[in-house]
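Encoded as structure tokens, the structure appears first; notes follow it.
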Amino acid sequence: MEKKRTHTIEEINELKEWFEANKSLIPPTMQINSSAYTPNLPETIDMLFEQAYICYENPKMQGCIWLLKKIKENLVK
């Protein structure tokens, strides 16, 4: 049986540190992908981190982390 990929608390902390260090890059709104839009990106990031810290070990609850990584990717571009 294949082990499902989850994240470590260290990975979540690194992602959080990146967002803290790059606050100036965060716009008020963002089209994250073709089906996800947020009218308040800073608040969305905060809520996604709340969920990420609770669910990082659950393989079925990795969506919040995926969205955070996608937001970071969009900001880096």
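Laid out as a table, the results:
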{"read-out": "So Met47, is it at pLDDT below 95, open to solvent by 40 Å² or more (accessible area, probe 1.4 Å) and of a type in the set (A, V, I, L, M)", "value": "no"}
{"read-out": "Selection from segment 33-77 of residues that are within 20 Å of Ala21 (Cα to Cα) and either touching a strand residue (DSSP E or B) at 6+ places or on another chain (Cβ under 7 Å) or aromatic (Phe, Trp, Tyr) (or both)", "value": "Leu41, Thr44, Phe49, Tyr53, Trp66, Leu67, Lys70, Ile71, Asn74"}
{"read-out": "Residues that are open to solvent by 60 Å² or more (accessible area, probe 1.4 Å) and touching a residue at least 40 places away in the same chain (Cβ under 8 Å), drawn from segment 65-75", "value": "Lys69, Lys72"}
{"read-out": "Search result, residues across segment 35-44 that are modelled with pLDDT of 95 or more and either more than 16 Å from Lys69 (Cβ to Cβ) or over 14 Å from the mean Cα position of the chain (by Cα) (or both)", "value": "Tyr37, Pro39, Asn40, Pro42, Glu43"}
{"read-out": "Residue check, Thr29 at pLDDT 95 or above and surrounded by 14 or more Cβ atoms within 10 Å (Cβ to Cβ)", "value": "no"}
{"read-out": "Verdict on Pro59 being of a type outside the set (Asp, Glu), in a loop (DSSP other than H, G, I, E, B), open to solvent by less than 80 Å² (accessible area, probe 1.4 Å) and touching a residue at least 40 places away in the same chain (Cβ under 8 Å)", "value": "yes"}
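A quick yes/no check of all residues on (1) open to solvent by 50 Å² or more (accessible area, probe 1.4 Å); (2) small (Gly, Ala, Ser); (3) touching a Leu at 6+ places or on another chain (Cβ under 8 Å):
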residue: Leu15; (1), (2), (3): no, no, yes
residue: Ala21; (1), (2), (3): yes, yes, no
residue: Pro39; (1), (2), (3): yes, no, no
residue: Gly63; (1), (2), (3): no, yes, no
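The values are calculated or read from the model by the stated rules, or taken from the named source; none is laboratory data. Given the structure is predicted, the values throughout are model-derived calculations rather than measurements. Neighbour counts are summed over all protein chains in view; Cβ atoms, including those assigned to glycine, are modelled from backbone coordinates with ideal geometry. Just so you know, the surface numbers come from the protein's heavy atoms only, side chains and all, with ligands and any DNA or RNA stripped out. Shrake-Rupley method; radii C 1.70, N 1.55, O 1.52, S 1.80 Å.
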